[in-house]
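The values are calculated or read from the model by the stated rules, or taken from the named source; none is laboratory data. This structure is a prediction, so every number in the text was calculated from the model and none was measured. Glycine also receives a Cβ, built like all others from the backbone with ideal geometry; neighbour counts cover every protein chain displayed. Areas reflect the complete protein model, heavy atoms only, side chains present, ligands, DNA and RNA absent. Shrake-Rupley method; radii C 1.70, N 1.55, O 1.52, S 1.80 Å.
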Amino acid sequence: METLFFLIITLVAIVSAILVVTCKNPINSALSLIMTFFCLATYYVMLDAPFMAAVQVMVYAGAIMVLMVFTIMLLNIRVDASKKHSHKLIFGSIIGFFTVLNLVVVLVKSRAALPTGPYSGEMIKKIGHTELVGREIFTTFLLPFEITSILLLVAIVGAVILAKKKI
Amino acid sequence: MGIEILGLPMMYYIAMVAKVLVAFVFVLLTVAYATYAERKIIGHMQVRLGPMRTGWHGLLQPIADGVKLFFKEEIIPSQASTFAFLVAPLIALIPAFITFAVIPFGGVIEIAGYKIPLQIAAYYDTTARQVFDVNVGVLYILAMSSLGVYGIVLAGWASNSKYSLMGGLRASAQMISYELAAGLSIIAVFMLSGTLSLTKIVELQSGMGGFEWYLFKQPLAAFMFFICSLAEINRTPFDLPEAETELVSGFCTEYSSMKYAMFFMAEYANMVTVCALTVTLFLGGWNGPMAVAVPILGPVYFIAKVYFLMFVCMWIRATLPRYRYDQLMHLGWKVFIPVALVNIVVTGIIGYFIN
C-alpha cells in the first residue's frame with residue numbers, strides 16, 4: 001500500500017519538477033514548483049514527520065511561493081520567447097551531467113542507515129513529532145533559535161527601511 | 001470482516017469510502033442550500049421575502065441556479081493565460097473541501113463489531129483501544145487554507161483584466177495578513193490543550209455540561225479567530241476582493257458558467273469549513289447532552305452548531321457595511337496581531353501559576 005502510494009507520488013514529483021524548468025510561462029512553472037513542494041510534504045508524512053510536512057506546505061507552498069507568484073504577477077513577465085540556441089545549453093548540460101553522475105555514485109556507493117542517537121523511529125512515534133521538535137527547539141537549541149529570530153528581525157527591519165526610502 | 005486487502009480489513013475500506021461520501025455529499029448539499037438560506041435570511045432581515053417562485057417558498061432555487069449555470073456559455077478571454085485560467089477555480093475549490101478530512105463530526109460508532117470514528121482521516125486501533133487521527137490536524141487546516149489564496153490570485157492574474165488583477169492583489173494581501181492573525185489567535189488554545197489533534201481537543205471539551213468549552217476559557221481567541229477567518233475567506237464585511245461597487249466582481253469578473261459557480265461553491269465551502277473548525281476548537285465539537293451514550297446524537301449536535309455559526313455569518317452580512325481597505329489592514333496588523341500576542345503571553349503566565 002505504502003509502496004504504491006510512494007510510486008504514484010514520486011511520479012507526480014518528477015513530472016512536476018521537469019515542468020518547473022520546461023514551462024514557457026513563469027506562472028505555470030511556479031505552479032509546478034508548488035506541486036513539487038506538495039509531493040515533498042507527502043514524503044515527510046511517510047517518514048513519520050507530520051509537523052515537517054505541515055510546515056513545508058505552510059511556509060514553502062503557502063507563503064514563499066505566494067510571494068513569488070505575486071512578484072511574477074506584478075512584474076508582468078510575459079511568455080519567454082528568447083532564441084532556442086545559446087551557450088547556456090552547453091554549460092547547463094555539462095553541469096547537469098556531472099550532478100547526475102555525482103548522485104549516481106553517491107547512491108550506489110553509500111548504504112542506507114537508520115538514524116542513530118536517542119531519537120529512534122519508535123520514540124518519535126510514541127512521543128509525537130511535534131512535541132519533540134518543540135521541546136528540542138526551546139531547550140537544547142534555544143540559543144540558535146533566538147539568534148535565527150534576531151537575524152530574521154534584522155532582515156525585516158532592513159527591508160522596511162529600504163522600501164520606505166523610495167516612498 | 002474476514003477478507004483483508006493489503007493488510008487492512010475489508011470493513012476499513014468500506015468505512016472510509018462511506019465516510020468520505022457522506023461528508024462530501026453533506027458539504028455539497030450544505031453549500032447548495034447555504035446560498036438559498038443566505039438569500040432567504042437576508043431577505044427577511046431586510047423585510048423582503050427572498051426567492052419565492054421556484055418550488056414551495058423557493059426551495060428548488062439552488063437546483064434551478066445550478067442547472068442555469070451548467071447551460072451558460074463558457075467564455076475564455078482571448079488574451080487570458082489559458083492554463084492558469086482553467087486551473088484557478090479548481091485550486092480555489094479543492095482546498096476548501098479537503099480540509100473536511102480532519103474535522104471530527106461525531107464520536108465512535110460501532111457497526112457489525114467494527115468501531116468507526118466519525119472523522120475521515122482517523123481509525124480505531126483495536127489493540128490500543130484508542131482513536132488515532134492526524135496528530136497535526138490544526139496545522140493541516142492552516143496549511144490548506146494558506147493554499148486557498150492561489151485560486152483567487154491566479155484567477156485575478158490569468159483573466160488579464162484590470163478589475164480581476166486588482167481583486168486578486170487585494171485578496172492575496174488580505175488573506176496573507178489575516179492568516180497570521182488567525183494562526184496566532186488559536187495558539188492560545190493549543191497552550192491549554194497541549195495537542196494539535198482535533199479529536200483530543202474535542203475530548204478535552206467534553207466535561208462540565210459545556211463549561212469546559214474553550215469559548216469560555218479563551219473568549220478573546222474565539223472572537224478573533226472567527227473574525228479573522230471571515231476575513232481570510234473574503235466574507236462580508238471583508239469582501240473587498242469582490243467589492244462590486246469598485247471592481248465589478250473582483251477576481252471572478254471574467255469567469256462564466258460552471259467556473260464562476262465553482263468560485264461561488266468554494267466561498268460557501270470555506271464558510272462551512274471555518275464554522276466547523278470554530279465549532280471544533282471553541283464550541284466543544286460534537287459534544288452535547290447524551291452525545292457519548294447515544295453516538296448518533298454527536299453529528300446532530302455538530303451540524304446544529306455549524307448551522308448556527310453559518311447563520312451568524314449571514315446575519316453579519318445582512319447587518320454590517322463593508323470595510324475600507326486601509327481600515328482592514330489596520331485592523332489586521334495593528335489590532336488583531338498584537339492582541340493575539342498579548343493573549344498568548346497572558347495565557348502562558350496564568351498557565352504557569354495554575355500548574
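So for the range B:231-248 (the condition being basic (Lys, Arg) and assigned to a helix (DSSP H, G or I)), does at least one residue qualify? So far as the range B:231-248 goes, no, none of its residues is basic (Lys, Arg) and assigned to a helix (DSSP H, G or I). Within the range B:194-207, the only residue that satisfies the criterion of being within 12 Å of chain A (Cβ to nearest Cβ) and part of a helix (DSSP H, G or I) is B:200.
The set of residues in the range B:294-320 being open to solvent by 80 Å² or more (accessible area, probe 1.4 Å) and either within 16 Å of the chain's Cα centre (by Cα) or within 12 Å of residue B:273 (Cα to Cα) (or both) consists of B:307, B:308. Reported count of residues in the range B:149-172, each being open to solvent by 10 Å² or more (accessible area, probe 1.4 Å), at the interface with chain A (Cβ under 9 Å from one of its Cβ atoms) and under 18 Å from residue B:230 (Cβ atoms), is 0.
Of the listed requirements (1) more than 27 Å from residue A:35 (Cα to Cα); (2) open to solvent by 60 Å² or more (accessible area, probe 1.4 Å), residue B:76 misses just one: (1).
Among the residues of this structure, residue B:64 does not count as one that is assigned to a helix (DSSP H, G or I) and touching a residue at least 12 places away in the same chain (Cβ under 8 Å).
Any chance the range B:29-38 includes a residue that's open to solvent by 90 Å² or more (accessible area, probe 1.4 Å) and within 14 Å of another protein chain (Cβ to nearest Cβ)? Taking every residue of the range B:29-38 in turn, none turns out to be open to solvent by 90 Å² or more (accessible area, probe 1.4 Å) and within 14 Å of another protein chain (Cβ to nearest Cβ). Considering only residues of the range A:44-67 that are open to solvent by less than 50 Å² (accessible area, probe 1.4 Å) and more than 9 Å from chain B (Cβ to nearest Cβ), which is modelled with the highest pLDDT? Restricting to residues being open to solvent by less than 50 Å² (accessible area, probe 1.4 Å) and more than 9 Å from chain B (Cβ to nearest Cβ), the top hit is A:46. Only residues that are among the aliphatic types (A, V, I, L, M) and farther than 16 Å from residue A:59 by Cα were counted across the range A:13-42, and they come to 9.
Assessment of the range B:253-262 against the conditions (within 14 Å of chain A (Cβ to nearest Cβ) and crowded, with 21+ Cβ neighbours inside 10 Å) yields no matching residue. Checked against (1) of a type in the set (Lys, Arg); (2) under 20 Å from residue B:26 (Cβ atoms); (3) in contact with an Asp or Glu (Cβ under 8 Å, 6 or more places away or on another chain), residue B:322 passes all but a single condition, namely (2).
Consider residue B:250 carefully, then state whether it is under 24 Å from residue B:19 (Cβ atoms), out of contact with any strand residue (DSSP E or B) (no Cβ under 9 Å at 6 or more places or on another chain) and open to solvent by less than 10 Å² (accessible area, probe 1.4 Å). The answer is no for residue B:250.
Can you pull out every residue in the range B:136-148 that is in contact with a helix residue (DSSP H, G or I) (Cβ under 6 Å, 6 or more places away or on another chain), over 18 Å from residue A:66 (Cβ atoms) and more than 7 Å from chain A (Cβ to nearest Cβ)? Of everything in the range B:136-148, just one residue is in contact with a helix residue (DSSP H, G or I) (Cβ under 6 Å, 6 or more places away or on another chain), over 18 Å from residue A:66 (Cβ atoms) and more than 7 Å from chain A (Cβ to nearest Cβ), namely B:137. Restricted to helices (runs of 4 or more DSSP H) entirely inside the range B:269-355, no element has at least 3 residues that are in contact with a Pro (Cβ under 6 Å, 6 or more places away or on another chain).
Quick one: in the range A:68-91, which of the residues that are away from chain B (no Cβ under 14 Å) and modelled with pLDDT under 75 is farthest from residue A:27 (Cα to Cα)? Among those residues, the one meeting the criterion is A:87.
Filtering the range B:177-198 for residues that are free of Cβ contacts under 8 Å to residues at least 24 places away in the same chain and within 20 Å of the chain's Cα centre (by Cα) leaves an empty set. Beta carbons closer than 8 Å, at least 6 apart along the sequence or on distinct chains, pair a first residue in the range B:224-244 that is open to solvent by 10 Å² or more (accessible area, probe 1.4 Å) and of a type in the set (D, E, K, R) with a second that is modelled with pLDDT of 80 or more and part of a loop (DSSP other than H, G, I, E, B) for B:239/B:322.
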